[in-house]
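The values are calculated or read from the model by the stated rules, or taken from the named source; none is laboratory data. Because the structure is predicted, anything quoted here is derived from the model rather than measured. Reconstructed Cβ throughout: ideal geometry from the backbone, glycine too, with neighbour counts over all protein chains shown. Surface accessibility is based on the protein's heavy atoms, side chains included, excluding ligands, DNA and RNA. Shrake-Rupley method; radii C 1.70, N 1.55, O 1.52, S 1.80 Å.
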Amino acid sequence: MEDDPGRRRLHFHRSPNPLCTQMPADRKIIHIDCDCFYASIEMRDTPAWRGIPLAVGGRPDSRGVIATCNYEARQFGIHSAMSSRRALTLCPRLLIVPPDMARYREASNRIMQIYGDYTSRIEPLSLDEAYLDVTGQPHCRGSATLMAKAIRDRIRQEIGITASAGIAPNKFLAKVASDWNKPDGQKVILPHEIDAFVAALPVGKVPGIGKVTAERMKRMGILTCGDLRQWSLAELLHQFGRFGERLHRLARGEDEREVSVDRVRKSVSVEETYATDLPDLAACLQALPELLERLRERLGRAGNPPFRGIVCKLKFADFTQTTVEQIGSAFDDAHFAQLMQMGFARGEQPVRLLGVGVKLAEEEATIAAQLPLFD
Amino acid sequence: MLILQAERDALLKPLLAVTGIVERRHTLPILSNVLIEKKGAEVGFLATDLEIQITTASTDALPGEDFRLTTSAKKLQDILRAIPDKATVTLEQQDGRLTLKAGKSRFNLQTLPAEDFPLLPVNGTSDAAFSLSQRELKRLIAQVQYAMAVQDIRYYLNGLLMQTEGNQVRLISTDGHRLAFSSAEVEANLPKAEVILPRKTVLELYKLLADSDDPINIEVLANQVRFSFGTTVIISKVVDGKFPDYNRVIPLDNDKIFLIERVTFLHALQRAAILANEKFRGVRLVLKPGAMSILCTNSEQEEAEEELEIGYSGGGLEIGFNINYLLDVLTNLPADTLQLAFGDGSRSALFTIPDNSDFKYIVMPMRI
């Protein structure tokens with residue numbers, strides 16, 4: 001059970017693409033996602049819920065968490081992954097409805113079909129969110145901007161909800177841009193605009209820089225990607241470990257990652273960086289139920305796929321991290337607690353980040369089944 | 001100050017006996033060290049990971065002062081390995097540093113105070129004690145150790161169950177898919193006791209046992225087991241947990257029974273395994289009067305087929321297994337002939353040695 005430095009991101013592991021094809025000089029990437037997807041579907045199907053604060057999520061009495069909420073609810077400071085109980089404190093008249101995955105999945109299938117009408121190079125990130133590589137596509141006279149517009153129009157007409165898009169030469173910028181004019185909007189970043197756009201971009205908008213890292217950067221005097229550029233690669237590596245290398249590129253608007261079509265999701269996980277480090281094992285164990293609830297919620301969203309192992313990840317105050325995993329296909333809170341204990345023992349120091357996840361079973365595993373000795 | 005002079009092997013051999021358990025990275029830095037202690041003519045070596053502790057001593061009488069120190073086990077081992085084997089090694093200690101000289105080589109190493117080295121507390125009197133030859137224990141372990149679980153969430157399976165009762169000692173391991181059992185008679189009248197030895201302890205012990213008639217003494221203490229052989233002592237914590245009842249899974253009414261040459265079967269499986277699915281390692285055995293076929297296919301639809309003649313006249317059967325579970329038992333058993341007993345395609349198979357109740361291997365099939 002060694003630390004695997006290659007497993008820094010616990011989130012969605014992807015299959016490596018062994019044949020890294022030559023990257024065209026100027027790609028056209030669209031990042032698109034629907035605006036508060038689950039909540040939008042609910043409001044579409046129950047018009048009475050429009051205009052009032054609405055969230056989709058778990059019940060507040062059972063450690064439930066918010067999966068999505070509409071823009072009315074967001075005005076109260078409610079956001080996804082927040083506990084339902086906390087959300088109700090912020091907005092007592094918030095209406096929380098349980099998720100209905102079947103309906104969301106049905107809408108998702110149709111949305112993915114619309115994406116498919118414009119390109120076959122689609123990298124789905126969730127039910128509604130995807131990267132589309134439309135480089136060289138003939139639609140809309142080859143204009144990615146018009147294609148994004150057309151896709152959003154069709155989602156509005158055919159599904160009855162709104163979507164936002166970002167259009168840029170790479171995934172990083174497309175993702176940032178799709179957030180720019182949300183909801184129901186889109187933003188284009190043209191190649192000659194990249195430099196100025198990124199220079200002014202607040203670091204908190206960069207995917208991978210969370211609240212805690214942004215706060216740390218602020219203390220270092222880094223507010224924008226422009227500020228980040230003043231730091232050498234060596235300094236960034238020193239400050240942020242391996243993430244420093246990526247930061248160095250992102251600060252220059254560079255992101256060579258391909259839209260990977262054959263991405264296979266190998267694990268599902270959630271993690272949380274704590275504003276103040278968790279001082280001891282007891283504090284970690286106390287934080288565990290909320291993480292597990294979020295993991296359950298995310299697994300539910302993925303259709304409760306079979307899994308073959310569970311993982312706990314801990315990042316310590318000194319930025320070293322460890323992952324502990326064990327084989328097993330049962331979701332048992334006690335097992336996670338046991339792993340967390342083992343992980344904590346490796347560091348015996350305050351913890352800044354906790355993650356929990358499951359490793360998904362390979363699909364074929366259902367074809368050949370080893371029978372157990374003990375039932 | 002010169003503290004020791006010795007031929008390389010007089011230090012390297014005992015050092016290697018204890019360093020197998022040293023963790024490469026540990027939260028407690030001193031645990032990557034080895035404790036070296038000279039008392040009179042004897043030089044002792046001790047290493048621990050807080051679960052297991054191994055001590056051993058150099059068998060040569062060595063001149064020099066008495067001392068106790070700890071230094072990096074890995075570095076000392078690498079240095080001693082790298083210098084010529086008949087070289088004379090001298091150790092000098094000064095200001096918390098250890099200097100090792102051999103010929104024209106010189107190494108200056110950090111040390112940590114021996115007083116800070118954590119030793120496993122030894123737990124009082126033993127519940128059961130017995131001895132047998134190292135060769136015998138090595139044979140018993142070899143027959144079962146491959147079936148221990150690895151990192152299973154059922155932590156008590158990541159080890160080996162040792163049971164004593166009367167003059168019987170039994171070793172049982174299982175990963176939940178197959179189970180291996182071996183037993184032996186010893187000259188003792190033992191109380192009924194059982195402990196689970198951690199996987200790491202079992203593998204380390206197995207590595208250190210010699211093929212000799214020299215005895216090994218085994219003592220079961222409150223929550224420890226102590227193995228003493230030659231100048232070596234292994235003290236290990238035991239796994240606190242309830243091992244599954246193996247008697248419950250031994251199939252008693254399997255009626256499709258035949259004998260098979262172990263090596264013939266092994267070689268046929270090894271050939272077929274070349275085309276077994278790399279992920280699931282499935283193999284199908286097809287039984288009919290007089291013959292057993294072995295079939296493997298992989299994800300590219302390639303196929304291997306072997307046929308073995310057997311003295312069998314019962315009903316037909318087709319049953320799938322993880323081929324590794326079959327290769328494991330066939331590789332690790334010293335017997336020439338095995339008895340196989342099958343029930344139906346969804347029930348466990350029993351492998352035994354004819355006219356011998358000291359070994360059993362039970363394996364569940366795989367649906368292919």
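Bridging of B:Lys86 to aspartates and glutamates at a Cα separation below 19 Å is possible for B:Glu7, B:Asp9, B:Asp60, B:Asp78, once same-chain residues fewer than 8 apart are set aside.
To the nearest 500 deg cm²/dmol, what mean residue ellipticity at 222 nm is calculated for chain A from DSSP H runs of n ≥ 4 alone, each contributing -39,500 (n - 2.57), summed and divided by the residues?
-10000 deg cm²/dmol
GNM on chain A, alpha-carbon springs under 10 angstrom: the most fluctuating residue among A:Ile66, A:Ile151, A:Ile159 is A:Ile159. Can you work out the PRE-style zone for B:Gln110? Point 7 Å along Cα to Cβ, and I want the residues of the stretch B:1-32 with backbone N under 13 Å. Zone members listed by number: B:26, B:28-32. Holding the Cα-Cα limit at 20 Å, pick out from B:Lys13/B:Lys207; B:Lys13/B:Lys39; B:Lys13/B:Lys38; B:Lys74/B:Lys200; B:Lys75/B:Lys200; A:Lys28/A:Lys187 the pairs that are longer than that. Table pairs above 20 Å Cα-Cα are B:Lys75/B:Lys200. Within the straight-line cut-off of under 17 Å between alpha carbons, the lysines reachable from B:Lys279 are A:Lys266, A:Lys359, sequence neighbours fewer than 8 places apart in one chain being disregarded. Placing unit charges on each Cβ (+1 for Lys and Arg, -1 for Asp and Glu) gives chain B a dipole about its Cα centre, and among B:Ile141, B:Tyr246, B:Ile30 the Cα reaching farthest toward its positive end belongs to B:Ile30. Buried on complex formation within the stretch B:169-200 (loss of at least 30 square angstrom of accessible surface versus the isolated chain, 1.4 Å probe, ligands and nucleic acids ignored): B:Gly176, B:His177. Please compute, over every Cα-Cα pair in the stretch A:196-250, the percentage with a separation greater than 12 angstrom. Pairs farther apart than 12 Å: 61 percent. Just going by the charge dipole of the stretch B:256-363, with Lys and Arg at +1 and Asp and Glu at -1 on Cβ, which of B:Gly314, B:Ala268, B:Ile362 is farthest out on the positive end? The residue sitting farthest along the positive end of the dipole is B:Ile362. Highest mobility in the GNM of chain A, judged by mean-square fluctuation with C-alpha springs under 10 Å and restricted to A:Ala107, A:Ala196, A:Ala55, is found for A:Ala196. Distant-in-sequence amide contacts of A:Gln186, defined by a placed amide H-H separation under 5 Å and a gap of 5 or more residues or a different chain, comprise A:Ala165.
Note on the stretch B:91-190: with charges restricted to the Cβ of Lys and Arg (+1) and Asp and Glu (-1), its dipole about the Cα centre is near 580 debye. Exposed loop sites here mean GluC sites (Glu not before Pro) with a DSSP loop assignment and at most 15 other beta-carbon atoms within 10 Å; chain A contains its longest site-free run at A:3-253. When Rg and the Kirkwood Rh are both derived from Cα coordinates, the Rg/Rh ratio for chain A amounts to 0.96. Which of B:Gln53, B:Gln163, B:Gln151 moves most in a GNM of chain B, Cα contacts under 10 Å? Per the Cα network of chain B with a 10 Å cutoff, B:Gln151 tops the list.
Would you mind finding the longest exposed-site-free stretch of chain B, with exposed trypsin sites (Lys or Arg not before Pro) meaning DSSP loop and at most 10 other Cβ atoms within 10 Å? Don't skip to the answer; put the middle values down first.
Working: sites that count: B:Arg24, B:Lys86, B:Lys104, B:Lys242.
Longest stretch, sites excluded: B:105-241.
By how many degrees, between 0 and 90 and to the nearest 10, does the Cα long axis of helix B:199-208 differ from the longest principal axis of chain B? On a 0 to 90 degree scale, this one is about 70. Overall, the accessible surface of the stretch A:47-137 at a probe of 1.4 angstrom is composed of carbon and sulfur to the extent of 53 percent. Once B binds A, the 1.4 Å probe can no longer reach about 2300 Å² of accessible area, counting both sides. Sequence gap at least 6, Cα distance under 8 Å: using those rules, report the relative contact order of the stretch B:86-223 to the nearest whole percent. Answer for the stretch B:86-223 is 27 percent.
Axis of helix B:323-332 versus longest Cα principal axis of chain B: the two differ by about 60°, to the nearest ten degrees.
Whats the longest run of chain B with zero GluC sites (Glu not before Pro) that are DSSP loop and have at most 12 other Cβ atoms within 10 Å?
Numbers: sites that count: B:Glu65, B:Glu278, B:Glu300, B:Glu302.
Within chain B, the longest run free of exposed GluC sites (Glu not before Pro) spans B:66-277.
The mean accessible area for residues of chain B, using a 1.4 Å probe and ignoring ligands and nucleic acids, is 46 Å² per residue.
Kindly state, to the nearest 0.05, the FRET efficiency for B:Lys279 paired with A:Lys211, given R0 = 35 Å and r defined as their beta-carbon distance.
Computed FRET efficiency for B:Lys279 and A:Lys211 comes out at 0.30.
A simple count of charges around B:Arg68, restricted to other residues whose Cβ falls under 14 Å of its Cβ and scoring Lys, Arg +1 and Asp, Glu -1, yields -4. Dipole orientation for the protein assembly as shown: of the candidates A:Ala150, B:Val195, B:Leu205, A:Ala150 has the Cα lying most toward the positive pole (charges on Cβ; Lys, Arg +1; Asp, Glu -1).
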